[in-house]
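Q: Right, I'll just put the structure down here and ask away after.
The values are calculated or read from the model by the stated rules, or taken from the named source; none is laboratory data. Treat the numbers as computed from the prediction; the structure is a model and nothing was measured. So basically every Cβ, Gly included, is an ideal-geometry build from the backbone, and we count neighbours across all protein chains shown.
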Amino acid sequence: MQAHLDHGTLRLAFAGDILSTNVAQQRVALLSHLAAHPTAAGIVADLTHARAIDSQGLNLLIALYRECERRQLSFRAENPAPEILRLFIALKLAERFGLQPALASP
Amino acid sequence: MLSAPAQGRVLLVDDDPTTLMLLRTILTRGGLAVETATDGAKALERLRELTAAAFDVVLTDYRMPILDGLQLLEQIRLLDPTLATIINTSDSERTTLSASLRGGVCDFLEKPCAPKVILAAVERAVSLTRRQRSLESAERSLADVAAIQQRLAPSRLDQSGVPGQLDCELTTRNCPIHEAGGDFVSVFRSDPGSVQLVLGDVSGHGVLEGFIAAYFQGMVKGMQTVGVPPLRIAEACNRFLLVEWSGGELSHLPSSLSTVFVSIDLVRRELQVLNCGCPAVHLLLPGQPPAALAGRSSPLGWFETLTPGVATAALPETGSCCLWSDGLLDQAKQLNVTPHAIAARLLLTSLEDFPALRRATRVTDDILVARLRWFPSDQVRADDELPLFHEALPGDSGPEIDAFQERFARNLVHALPDLSADCLSAILLCAREALINALDHGCAGLREAVAHVTAVFRPRQRRVEVTVSDPGPGRPLVAPNPAELPDLLAGTGHISLGLQVIHTLSSATREARNGAELTMEFALAAA
């Protein structure tokens with residue numbers, strides 16, 4: 001996972017799928033990046049390279065979303081693959097994840 | 001009609017009487033039978049009158065009135081593409097013709113030409129025509145053999161069950177390497193209450209094996225007709241192969257026959273298998289993983305004493321059994337999918353579409369698959385399910401779940417090539433969620449506990465069903481409680497988000513054993 005500050009927003013680029021088999025490592029990386037950028041005003045989860053997310057991957061994104069709420073940071077997900085976007089829409093997560101309503105509509 | 005000397009029969013065409021006479025003399029002295037025509041139209045007339053098959057070569061001038069050499073060649077191609085043609089040209093014409101003929105001509109002769117050169121060119125053309133005709137004849141014979149084999153492989157079994165009892169239905173698909181092959185299937189119904197299915201696989205896969213297969217098919221059918229039991233039939237075939245076929249001598253071509261007999265008694269509701277060298281028969285009962293019956297044993301023609309694999313099973317009201325030849329296992333290995341995925345793909349392809357699938361399928365051995373399904377006689381259109389995939393995973397397989405998902409996807413895509421990307425993605429994700437739950441909770445991560453994933457296809461409903469089961473006690477499946485949403489700092493605890501994913505993406509779900517067995521349904525788009 002790569003991270004960099006972009007005009008005060010911390011962009012977290014996931015390197016690939018977010019699945020039960022790698023979610024533990026992803027969580028450690030997330031916590032480390034959050035700790036390294038305490039001044040970030042918002043978080044962007046860049047999903048360009050993720051082709052699949054399972055429930056534990058969703059848990060991680062939900063947890064990140066909740067962490068942002070707790071810290072009063074903005075949160076949005078970017079560039080989800082069509083399958084992932086469909087999943088977000090079906091689980092009513094698309095809007096919470098800041099995806100465009102036009103994209104989020106089925 | 002021309003006589004047919006070994007040197008060949010020539011139709012000589014030239015509008016110049018002197019050239020015609022000269023060439024005729026050369027060819028006749030060379031031992032060839034010659035017919036002549038003074039232009040292309042007359043040549044065509046002779047070809048139609050005597051038939052193109054009456055000639056081995058046409059030697060024609062290029063420049064002629066009415067129909068020139070090139071136009072004549074085009075007509076000859078339509079009449080008989082195997083008939084070789086030589087065009088007699090001047091050097092300048094040859095360059096032009098070479099570019100335009102695109103190989104449709106056998107040879108060119110440049111005027112003037114020495115007798116020796118003319119005779120050598122005609123000899124080559126005669127030889128080419130005869131080779132092409134021989135090849136065409138062999139291809140026709142092979143196609144005839146293949147047509148007979150396809151006809152002999154029954155694709156269906158007439159329904160004639162006793163009301164209130166069971167009846168059955170047969171589906172077979174034959175996919176030989178060449179047009180004809182060494183696999184055969186034979187079905188015999190002695191009375192409405194009993195059916196005997198025999199699958200045979202002769203070693204090798206050519207026309208000769210096609211002949212041997214036809215011989216044994218006839219032998220087996222004859223013995224079935226007079227009520228000889230399967231073991232006696234196998235013994236008779238074994239004796240024939242050992243004693244009469246090769247005579248026990250290496251100087252004769254040895255041959256072996258792998259064969260499996262499945263006898264179904266629809267009244268006593270019993271299935272018996274006798275297997276001599278074929279892959280195991282798979283018993284497919286609703287809601288259960290496929291069960292392999294009567295595995296490997298020696299084929300017929302190896303040893304004097306038979307050691308067949310035998311098995312007996314009770315028949316529930318509905319179910320099916322699937323038999324296949326070795327070639328199917330080879331292809332499964334080659335494509336890295338399960339035999340069930342290969343069998344499903346073949347069996348789900350309609351007879352109309354099957355020739356195209358056969359042409360597109362690269363096989364290394366003949367493949368034959370047969371499926372016999374039984375059901376109450378008043379429910380001919382009863383629900384049916386065809387297995388696509390089954391895998392048993394030890395409880396500690398969690399870290400390998402990505403590899404499992406790849407295998408599962410590969411099998412589904414092979415068995416159901418028209419599965420949409422959306423549907424495939426939903427099936428994979430739901431199966432993954434259910435399996436994670438089964439491994440983590442039902443099996444408690446223990447190696448000795450085993451979770452099962454089974455996928456079946458219901459053709460009539462066009463529906464895929466995936467069942468994931470574990471040996472655990474199950475637990476109530478509840479929707480996620482928002483208050484229990486995960487906390488990043490506390491770790492990603494287990495909530496039933498996976499269950500919500502399953503309910504959202506599948507068409508329907510069914511639970512058994514307090515949720516320890518979960519079946520998820522996925523509707524496919526109409527075909």
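Q: How about the range B:406-420: which of its residues are within 14 Å of chain A (Cβ to nearest Cβ) and not in a loop (DSSP other than H, G, I, E, B)?
A: Result: B:E406, B:F408, B:A409.
Q: Checking B:L424 against (1) in contact (Cβ under 8 Å) with a residue 40 or more places away in the chain; (2) of a type in the set (A, V, I, L, M); (3) surrounded by fewer than 21 Cβ atoms within 10 Å (Cβ to Cβ), only one condition comes out false. Which one?
A: Condition (1) is where B:L424 drops out.
Q: Condition first: more than 10 Å from chain B (Cβ to nearest Cβ), outside any loop (DSSP other than H, G, I, E, B), of a type in the set (A, V, I, L, M, F, W, C) and touching a residue at least 24 places away in the same chain (Cβ under 8 Å). Now tell me which residues in the range A:55-93 satisfy that.
A: Residues satisfying the conditions are A:F75, A:A77.
Q: Would you mind finding the one in B:S203, B:S258 that is modelled with pLDDT of 85 or more, of a type in the set (S, T, N, Q), out of contact with any His (no Cβ under 8 Å at 6 or more places or on another chain) and over 30 Å from B:D378 (Cβ atoms)? Lay out the reasoning, then the answer.
A: Details: B:S203 fails: modelled with pLDDT of 85 or more.
So the residue among B:S203, B:S258 that is modelled with pLDDT of 85 or more, of a type in the set (S, T, N, Q), out of contact with any His (no Cβ under 8 Å at 6 or more places or on another chain) and over 30 Å from B:D378 (Cβ atoms) is B:S258.
Q: Something else now. So, of the residues in the range B:443-469 that are surrounded by fewer than 16 Cβ atoms within 10 Å (Cβ to Cβ) and within 18 Å of B:P394 (Cα to Cα), which turns out to be farthest from the chain's Cα centre (by Cα)?
A: B:A444
Q: Okay, next question. Confirm whether B:R373 is basic (K, R), part of a strand (DSSP E or B) and more than 14 Å from every other protein chain (Cβ to nearest Cβ). Spell out the reasoning first.
A: On the way: basic (K, R): yes; part of a strand (DSSP E or B): yes; more than 14 Å from every other protein chain (Cβ to nearest Cβ): yes.
For B:R373, the condition - basic (K, R), part of a strand (DSSP E or B) and more than 14 Å from every other protein chain (Cβ to nearest Cβ) - is met.
Q: Can you work out which of the residues in the range B:153-175 that are aliphatic (A, V, I, L, M) and at pLDDT 65 or above is farthest from B:D384 (Cα to Cα)?
A: B:L166
Q: Related question: How many residues are closer than 13 Å to A:A81 by Cα and not β-branched (V, I, T) when one looks only at the range A:46-59? Before you say what the answer is, go through the steps one by one.
A: Here is the first cut: in the range A:46-59, the residues closer than 13 Å to A:A81 by Cα are A:46-53.
Add one more test, that the residue is not β-branched (V, I, T), and what stays is A:46-47, A:49-52.
So the count comes out to 6.
Q: Conditions: (1) free of Cβ contacts under 8 Å to residues at least 40 places away in the same chain; (2) on the phi < 0 side of the Ramachandran plot. B:V337 meets all but one. Number of the miss?
A: (1)
Q: Further, regarding this structure: Return the total of residues in the range A:5-32 being assigned to a strand (DSSP E or B) and either at pLDDT below 90 or among the β-branched types (V, I, T) (or both). Give the derivation first.
A: Step one: of the range A:5-32, the residues assigned to a strand (DSSP E or B) are A:5-6, A:9-13, A:18.
Now restrict to residues that are either at pLDDT below 90 or among the β-branched types (V, I, T) (or both): A:5-6, A:9, A:18.
Of the residues in that region, 4 qualify.
Q: Could you look through the range B:47-73, keep only residues that are acidic (D, E) and touching a residue at least 12 places away in the same chain (Cβ under 8 Å), and pick out the one that is surrounded by the most Cβ atoms within 10 Å (Cβ to Cβ)?
A: Pass one, the range B:47-73, residues acidic (D, E): B:49, B:56, B:61, B:68.
Restricting the remaining residues to those that are touching a residue at least 12 places away in the same chain (Cβ under 8 Å) gives B:56, B:61, B:68.
On the way: B:D56: 27, B:D61: 24, B:D68: 17.
Per the stated criteria, the residue is B:D56.
Q: B:A403 versus (1) crowded, with 19+ Cβ neighbours inside 10 Å; (2) of a type in the set (G, A, S); (3) within 12 Å of chain A (Cβ to nearest Cβ): which is the lone unmet condition?
A: (1)
Q: If only one of A:A41, A:A50, A:A36 is crowded, with 22+ Cβ neighbours inside 10 Å, within 24 Å of A:H7 (Cβ to Cβ) and touching a residue at least 12 places away in the same chain (Cβ under 8 Å), which one is it? It would help to see each step written out before you state the result.
A: Values: A:A41 fails: crowded, with 22+ Cβ neighbours inside 10 Å; A:A36 fails: crowded, with 22+ Cβ neighbours inside 10 Å.
Residue meeting the stated conditions: A:A50.
Q: Give the residue that is surrounded by the fewest Cβ atoms within 10 Å (Cβ to Cβ), with candidates limited to residues of the range B:256-276 that are in contact with a Leu (Cβ under 7 Å, 6 or more places away or on another chain) and assigned to a loop (DSSP other than H, G, I, E, B).
A: The residue in question is B:R269.
Q: Continuing with this model, one more query. Could you figure out which of (1) more than 25 Å from B:A421 (Cβ to Cβ); (2) within 9 Å of chain B (Cβ to nearest Cβ) isn't true of A:T39?
A: Failed condition: (2).
Q: Still on this structure, I have one more. How many residues does the range A:15-29 contain that are touching a helix residue (DSSP H, G or I) at 6+ places or on another chain (Cβ under 7 Å) and more than 9 Å from every other protein chain (Cβ to nearest Cβ)?
A: Selection size over the range A:15-29: 2.
Q: Can I ask one more? Any idea which of (1) modelled with pLDDT of 90 or more; (2) at positive phi is the one B:L27 doesn't satisfy?
A: Among (1) modelled with pLDDT of 90 or more; (2) at positive phi, the lone unmet condition for B:L27 is (2).
Q: For the range B:278-293, state whether one or more residues are assigned by TED's automatic domain parsing to the domain that holds B:L368, surrounded by fewer than 18 Cβ atoms within 10 Å (Cβ to Cβ) and at positive phi.
A: Yes, that holds for at least one residue.
Q: Related question: From the list B:A356, B:A403, B:A343, B:A370, exactly one residue is of a type in the set (G, A, S) and in contact (Cβ under 8 Å) with a residue 60 or more places away in the chain. Which is it?
A: Values: B:A356 fails: in contact (Cβ under 8 Å) with a residue 60 or more places away in the chain; B:A403 fails: in contact (Cβ under 8 Å) with a residue 60 or more places away in the chain; B:A343 fails: in contact (Cβ under 8 Å) with a residue 60 or more places away in the chain.
The conditions single out B:A370.
Q: Go through B:P387, B:P394 for me and flag whichever is under 27 Å from B:L439 (Cβ atoms) and buried (at least 20 other Cβ atoms within 10 Å of the Cβ).
A: Details: B:P394 fails: buried (at least 20 other Cβ atoms within 10 Å of the Cβ).
Being under 27 Å from B:L439 (Cβ atoms) and buried (at least 20 other Cβ atoms within 10 Å of the Cβ) holds for just one of B:P387, B:P394, which is B:P387.
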